[in-house]
Amino acid sequence: MPELPEVETMRRIVERELTDLRLSSIQLRLPKLLRGSPLPTLDPLLGRTVTGARRRAKVLVTDWSDGLSLLAHFKLAGQLAVERPDGRRSVAGHPVPNPSGVYPHKATHLLLEFDDGTTLFHSDIRQFGWLRLMETDDVEAALEAFGFGPEGVGSDAITAGQLGQRLARRRIPVKQALLDQGIVAGLGNIYVDEALHRANLHPARPANSVVGGELNRLHEAIGWALERGIEQGGATIVHQRAHPRDGFPAAHGREGEPCLACGGPIAKTRVGGRGTYLCPNCQPVA
């Protein structure tokens, strides 16, 4: 987390709240956020306006006037918040800082203030995320270098055929394969657990064993899980416990709670080194 739904929610917040606003001040409290950035300072953004926002996998791209773009990857614990002059706040990503709490938080490392009084707060309690400022003309090549696979949802979403071709080459557990951004871009731990639960597939199944009807179920379940996450503005997971809304998440973060499909207890295990939630009844090993 943040995964595709959380970053897509961030994109929508930026596009809705910041487009056409002019940047008046920058406070970068953690300079290492710019590690690897083609432009080593954010100062060139001063006086420019936001022209739009886009997303590729888990990378948020904010485009600015006169040909500059800011890429952001929020990694495990990044959060984006935008506060308008009237106090209205839009937040997406990690639940810390408290979305209804005081900003800036001690984990807030970047503040962008706009000429109408709107402020963007970029927070990251783990400090794993990064920012990269570059010429807009260089963005596509920078994104291509990550080797992302097809998106998990949207007009250019992965097809069942593409998913099958990618999984057929992997003998590792299907959960581990789905976390590979070169197979499906944007999937992470939460939404892989949800997709496998909906598809009734055990996460330790060899990826290349998922074929036929099971493959079609998994393909449908990936799109379903991501769409549900986007509808909710991202899943709510606090201290590794889910706070479901309308039955979602159904598995992740619900250890010991009843499965919404069969009533049996949700279990937690580890697959590929990642904490993994499943229903042993609905997702048998074989």
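The values are calculated or read from the model by the stated rules, or taken from the named source; none is laboratory data. Keep in mind that what you see is a predicted model, and the values were worked out from it rather than measured. Here the Cβ positions follow ideal geometry from the backbone for every residue, glycine too, while neighbour counts run over all protein chains shown.
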Look through the stretch 138-165, keep the residues that are acidic (Asp, Glu) and modelled with pLDDT of 95 or more, and return whichever of them is surrounded by the most Cβ atoms within 10 Å (Cβ to Cβ). Glu151
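Quick grid of which residues meet (1) more than 19 Å from the chain's Cα centre (by Cα); (2) of a type in the set (Val, Ile, Thr); (3) surrounded by 17 or more Cβ atoms within 10 Å (Cβ to Cβ); (4) within 23 Å of Thr159 (Cα to Cα):
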site	(1), (2), (3), (4)
Asn216	yes, no, no, yes
His219	no, no, yes, yes
Gly229	no, no, yes, yes
Gly233	no, no, yes, no
Val238	no, yes, no, no
Gly247	yes, no, no, no
Gly253	no, no, yes, no
Pro258	yes, no, no, no
For Leu70, indicate whether it is closer than 25 Å to Glu151 by Cβ, part of a strand (DSSP E or B) and either in contact with a Phe, Trp or Tyr (Cβ under 9 Å, 6 or more places away or on another chain) or not assigned by TED's automatic domain parsing to the domain that holds Val184 (or both). yes
Does Pro5 meet the test of being under 18 Å from the mean Cα position of the chain (by Cα), outside any loop (DSSP other than H, G, I, E, B), under 24 Å from Gly253 (Cβ atoms) and modelled with pLDDT of 95 or more? yes
Between a first residue in the stretch 265-286 that is in contact (Cβ under 8 Å) with a residue 40 or more places away in the chain and aromatic (Phe, Trp, Tyr) and a second residue that is surrounded by fewer than 14 Cβ atoms within 10 Å (Cβ to Cβ) and not in a strand (DSSP E or B), which pairs have beta carbons less than 6 Å apart while being 6 or more apart in sequence or on different chains? none
Is there any pair linking a residue in the stretch 130-144 that is under 21 Å from Leu28 (Cβ atoms) to one that is among the β-branched types (Val, Ile, Thr), with Cβ under 8 Å and at least six apart or on different chains, and which? Leu133/Thr41; Val139/Val61
Between a residue in the stretch 176-187 that is surrounded by 24 or more Cβ atoms within 10 Å (Cβ to Cβ) and any residue that is of a type in the set (S, T, N, Q) and part of a loop (DSSP other than H, G, I, E, B), which pairs come within a Cβ distance under 8 Å, given they are 6 or more apart or on different chains? Leu187/Gln181
